[in-house]
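Enquirer: The structure that follows is given in the form of structure tokens.
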């Protein structure tokens with residue numbers, strides 16, 4: 001059986017108070033209502049960093065420079081209908097103010113409180129890496 005590989009790039013935006021931004025998946029999307037790190041699918045011909053720069057601008061209205069994206073870890077998870085590979089980057093510096101451009105809910109959360117927010121199975125193992133970093 002062949003399983004489709006989906007490459008998604010995610011970013012842990014960390015503010016000056018050491019909080020991490022999470023966004024709630026909107027109604028109508030797969031895993032609606034769950035909380036996740038901002039990002040999205042890597043398009044054909046894109047590198048993960050380029051994808052994040054594009055997605056963060058589209059979703060949150062912020063401008064991120066590639067040199068401000070530091071790779072932290074990755075998620076590797078088999079869902080029923082696809083296999084997800086998701087590098088997680090950390091970003092502490094960006095231009096602009098975070099605002100919900102696509103009507104999604106978001107919250108700034110302390111790393112030790114992330115487990116209080118239901119997340120997709122692929123995101124859950126990433127929490128301990130963030131908690132160790134911050």
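Enquirer: With respect to the numbered conditions (1) closer than 22 Å to residue 18 by Cβ; (2) touching a residue at least 12 places away in the same chain (Cβ under 8 Å), which one is the sole condition not fulfilled by residue 51?
Expert: (1)
Enquirer: Of all residues in region 77-101, which are more than 15 Å from residue 21 (Cα to Cα) and out of contact with any strand residue (DSSP E or B) (no Cβ under 6 Å at 6 or more places or on another chain)?
Expert: Within region 77-101, 78, 79, 80, 81 qualify.
Enquirer: Let me ask something else about it. Has region 8-19 got any residue that is over 20 Å from residue 130 (Cα atoms) and surrounded by fewer than 17 Cβ atoms within 10 Å (Cβ to Cβ)?
Expert: No.
Enquirer: Would you mind telling me which numbered condition in (1) out of contact with any strand residue (DSSP E or B) (no Cβ under 7 Å at 6 or more places or on another chain); (2) surrounded by fewer than 16 Cβ atoms within 10 Å (Cβ to Cβ); (3) at pLDDT 95 or above; (4) more than 30 Å from residue 2 (Cα to Cα) residue 70 fails?
Expert: Failing condition for residue 70: (1).
Enquirer: Could you list all residues from region 19-36 that are part of a loop (DSSP other than H, G, I, E, B) and modelled with pLDDT of 95 or more? Show your work before the answer.
Expert: So the first thing to find is which residues in region 19-36 are part of a loop (DSSP other than H, G, I, E, B), and the list is 19, 25-34.
19, the sole residue that qualifies.
Residues checked against (1) in contact with a helix residue (DSSP H, G or I) (Cβ under 9 Å, 6 or more places away or on another chain); (2) closer than 28 Å to residue 4 by Cα; (3) surrounded by 14 or more Cβ atoms within 10 Å (Cβ to Cβ):
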residue	(1), (2), (3)
79	no, yes, yes
89	yes, yes, yes
94	yes, no, yes
131	yes, no, yes
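Enquirer: Same structure, new question: If residue 104 passes every condition in (1) touching a residue at least 40 places away in the same chain (Cβ under 8 Å); (2) part of a helix (DSSP H, G or I) but one, which one does it miss?
Expert: Every condition holds for residue 104 apart from (2).
Enquirer: So residue 84 fits all but one of (1) surrounded by 12 or more Cβ atoms within 10 Å (Cβ to Cβ); (2) closer than 20 Å to residue 117 by Cα; (3) out of contact with any helix residue (DSSP H, G or I) (no Cβ under 6 Å at 6 or more places or on another chain); what number is the exception?
Expert: For residue 84, the exception is condition (2).
Enquirer: Could you list, in sequence order, the residues of region 1-18 that are farther than 19 Å from residue 71 by Cβ and in contact with a helix residue (DSSP H, G or I) (Cβ under 8 Å, 6 or more places away or on another chain)?
Expert: 18
Enquirer: Something else about it: Could you say which residue among 61, 33, 28, 45 is surrounded by 12 or more Cβ atoms within 10 Å (Cβ to Cβ), over 18 Å from residue 88 (Cα atoms) and out of contact with any helix residue (DSSP H, G or I) (no Cβ under 8 Å at 6 or more places or on another chain)?
Expert: Only one candidate passes the filter, namely 61.
The values are calculated or read from the model by the stated rules, or taken from the named source; none is laboratory data. As the structure is a computational prediction, the values presented were derived from the model and not from experiment. Cβ: placed from backbone, ideal geometry, glycine included. Neighbour counts: every protein chain shown.
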